[in-house]
Amino acid sequence: MATSTAQDQVVEHRRQEVQQAIDNACDQMRSEGVQPNNYVEQIAWLFFLKAFDETESRREEEGAFDGTAYNRLLDGEYRWTEWTKLMNRPDDMLEFVNGKLWPHLCTISDGPVATRINRIFKAIKNHQSRGASFARVVTQINKLHFSDKTDVYVLSEIYERLLKDVAQVAGYAGEFYTPRHIIDAMVKVVNPRLGDRVYDPCFGSGGFLWMSAVEIRKNAGSMSARQLEQFHKRTIFGRELGPLPYLNGTMGLLLHDVREANLELANTLEVHTTNVPEKDKYSVILANPPYGGKLPQQVQTNFTVRSASTEILFLQHIMANLAKGGRAGVIVPEGVLFRGGPDATVRQKLLEGFNLHTILSLPAGCFLPYTAVKANVLFFNREHDACKTEEIWYYELANDGFELKQTRRPIPGSQLPDFIEMQSTRAIGDCSWIVNVTDLQGCELSAKNPNRKNDYEHRPALEILRSIKLKQERVLALIDDLTALLGGN
């Protein structure tokens with residue numbers, strides 16, 4: 001116990017050091033007049049280059065140890081440890097970064113990792129124009145040690161922490177990131193294994209992908225050379241539209257030693273097709289698609305069901321790309337479970353073409369500080385025998401281990417371990433129940449806990465208000481559907 005406590009103290013101390021370095025770097029950029037949405041991007045590419053340099057150094061040492069030479073992708077004057085030696089001549093360092101390093105990063109193309117770096121640095125920029133200020137930021141980044149396990153763990157939280165601390169950045173980005181404990185629960189239920197092709201069509205900071213890779217490596221144990229090649233080259237797949245999330249996702253996978261993941265910088269919805277060859281489909285799909293976005297009708301020609309909601313388009317994409325025997329876990333806003341029109345059509349296709357075996361009802365506020373939207377996780381399989389959904393096991397989560405407030409402070413009593421344990425046997429309890437598909441009313445999938453009695457008498461006031469708001473949203477959705485049917489605008 002004492003050893004565990006001491007280790008926890010070391011981790012917490014290091015976490016504070018890393019956060020302080022980030023805060024100092026942000027303060028420096030702020031003093032230079034760099035806008036918050038830009039210094040998030042600035043610090044992200046600096047993290048990436050520092051982390052990539054450490055990764056290459058480690059592989060170089062490993063190659064020297066076992067007699068297999070490793071050829072660095074960024075070598076000579078382009079190594080982080082080389083050009084940062086110019087910090088005592090800050091203007092020369094900034095001139096080198098802008099005039100030589102950046103053009104080099106935008107033109108390298110020797111292999112998939114080089115190609116990803118090329119795409120990243122073509123899409124972002126250096127937002128600092130003063131050498132002295134840039135050198136001070138680099139000094140803070142140099143305090144981080146991304147080869148250290150604690151720093152790797154903290155690094156996975158960095159982007160989320162920046163978005164949380166700089167509220168205007170979250171609004172600017174127009175998207176939010178999935179809490180790591182929710183990802184962990186989803187990965188455990190879907191259970192990716194060696195030999196799976198794991199896909200996230202909107203991978204953001206890469207949490208689903210690198211946590212799946214960690215789970216696969218843990219379960220696989222010792223891997224042969226052939227298995228290692230498969231793991232690195234033919235296991236992890238993803239697409240991401242935003243250059244900054246793409247950068248963070250790429251960095252996270254490299255730090256978790258997934259060397260040649262198949263990541264595309266592209267708009268998934270624009271490249272979608274319904275006719276995907278079986279060999280190109282994925283056995284595991286995990287995703288938290290963006291909510292509330294809009295895709296012009298003229299770009300939706302490849303979708304069977306057109307919709308004004310991007311979450312419905314992403315759900316169709318996932319259904320079209322899930323292989324026979326495949327498993328999926330997808331986060332959707334509550335409206336997807338009850339809205340009519342395109343939503344109802346897609347729900348019907350989901351129930352008839354897949355085995356929607358589990359719905360995890362998340363509490364409203366689970367994704368604060370980004371959004372208070374109530375969401376659910378849909379777990380479904382595409383069975384080999386084309387079996388459709390017969391029964392759905394529901395679990396109503398009230399406590400995910402954090403306050404349902406903007407601060408999201410940790411609290412005791414998380415139900416996620418209980419959910420994971422009960423889901424494996426589909427056990428029935430106070431928070432879980434089974435619904436036969438024949439009992440559904442119009443394919444409505446909203447969680448309605450039959451074990452809750454005197455509902456309004458015992459529910460907290462805030463939860464009652466959220467329930468009222470949800471019912472109002474249902475009424476508005478029905479009005480929209482009726483307007484559309486009557487040919488209104």
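The values are calculated or read from the model by the stated rules, or taken from the named source; none is laboratory data. Remember, it's a predicted structure, so these values are computed and weren't measured experimentally. Virtual Cβ from ideal backbone geometry, glycine too; neighbours counted across all protein chains shown.
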What residue, among those in region 326-355 that are touching an Asp or Glu at 6+ places or on another chain (Cβ under 7 Å) and in a strand (DSSP E or B), is surrounded by the most Cβ atoms within 10 Å (Cβ to Cβ)? 332
For region 24-60, what are the residues that are at pLDDT below 80 and among the small types (Gly, Ala, Ser)? none
Given (1) out of contact with any Pro (no Cβ under 9 Å at 6 or more places or on another chain); (2) at pLDDT below 90, residue 75 misses just (2)
Where in region 60-124 are there helices (runs of 4 or more DSSP H), lying wholly inside it, with at least 1 residues that are of a type in the set (Ser, Thr, Tyr)? 80-83, 112-123
Select from region 238-247 the residues that are at pLDDT 80 or above and either out of contact with any strand residue (DSSP E or B) (no Cβ under 6 Å at 6 or more places or on another chain) or more than 15 Å from residue 115 (Cβ to Cβ) (or both) and list them in ascending order. 240, 241, 242, 243, 245, 247
Kindly list, by first and then second residue, each pair from a residue in region 24-35 that is surrounded by 14 or more Cβ atoms within 10 Å (Cβ to Cβ) to a residue that is charged (D, E, K, R), limited to pairs with Cβ atoms under 7 Å and residues at least 6 apart or on different chains. 28/136; 32/130
Residue selected from region 5-23 under the condition modelled with pLDDT of 85 or more and within 15 Å of residue 136 (Cα to Cα), by the criterion surrounded by the most Cβ atoms within 10 Å (Cβ to Cβ): 21
Among the residues of region 182-198, are any touching a Phe, Trp or Tyr at 6+ places or on another chain (Cβ under 9 Å), assigned to a loop (DSSP other than H, G, I, E, B), surrounded by 19 or more Cβ atoms within 10 Å (Cβ to Cβ) and at pLDDT below 95? no
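It is to be established whether one or more residues within region 217-232 are at pLDDT 95 or above and in the same structural domain as residue 317 (by TED's automatic domain parsing). So that I can check it myself, show each step before the final result.
Within region 217-232, the subset at pLDDT 95 or above is none.
No.
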If you go through region 205-220 one residue at a time, do you hit one that is touching a Leu at 6+ places or on another chain (Cβ under 7 Å), part of a loop (DSSP other than H, G, I, E, B) and touching a residue at least 40 places away in the same chain (Cβ under 8 Å)? yes
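For region 207-223, which residues satisfy the criterion of being touching a strand residue (DSSP E or B) at 6+ places or on another chain (Cβ under 7 Å) and small (Gly, Ala, Ser)? Talk me through it step by step, then tell me what you get.
Kept after step one, since they are touching a strand residue (DSSP E or B) at 6+ places or on another chain (Cβ under 7 Å), are these residues of region 207-223: 208-209, 212-213.
Residues satisfying the conditions are 212, 213.
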So the check is Cβ under 6 Å with 6+ separation or different chains; which pairs have a first residue in region 121-135 that's touching a residue at least 40 places away in the same chain (Cβ under 8 Å) and a second one that's in a loop (DSSP other than H, G, I, E, B) and not aromatic (Phe, Trp, Tyr)? 121/106; 127/34; 134/128
If we ask which residues in region 407-445 are exposed (fewer than 12 other Cβ atoms within 10 Å of the Cβ) and either in contact with a Leu (Cβ under 9 Å, 6 or more places away or on another chain) or not assigned by TED's automatic domain parsing to the domain that holds residue 379 (or both), their number turns out to be 1
Mind telling me which of the residues 476, 465, 470 ends up being outside any loop (DSSP other than H, G, I, E, B), at pLDDT below 60 and not assigned by TED's automatic domain parsing to the domain that holds residue 182? 470
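Applying the selection to region 262-278, what residues are of a type outside the set (A, V, I, L, M, F, W, C), assigned to a helix (DSSP H, G or I) and either surrounded by 12 or more Cβ atoms within 10 Å (Cβ to Cβ) or out of contact with any Lys or Arg (no Cβ under 9 Å at 6 or more places or on another chain) (or both)? Even if it seems obvious, please write down each step before you answer.
Of region 262-278, the ones of a type outside the set (A, V, I, L, M, F, W, C) are 262, 264, 267-268, 270, 272-275, 277-278.
Now narrow it down to the ones that are assigned to a helix (DSSP H, G or I): 268, 270, 278.
268, 270 - these are the residues of region 262-278 that are of a type outside the set (A, V, I, L, M, F, W, C), assigned to a helix (DSSP H, G or I) and either surrounded by 12 or more Cβ atoms within 10 Å (Cβ to Cβ) or out of contact with any Lys or Arg (no Cβ under 9 Å at 6 or more places or on another chain) (or both).
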For the subset of region 392-406 comprising residues that are touching a residue at least 40 places away in the same chain (Cβ under 8 Å) and over 18 Å from residue 346 (Cα atoms), which member is surrounded by the fewest Cβ atoms within 10 Å (Cβ to Cβ)? 405
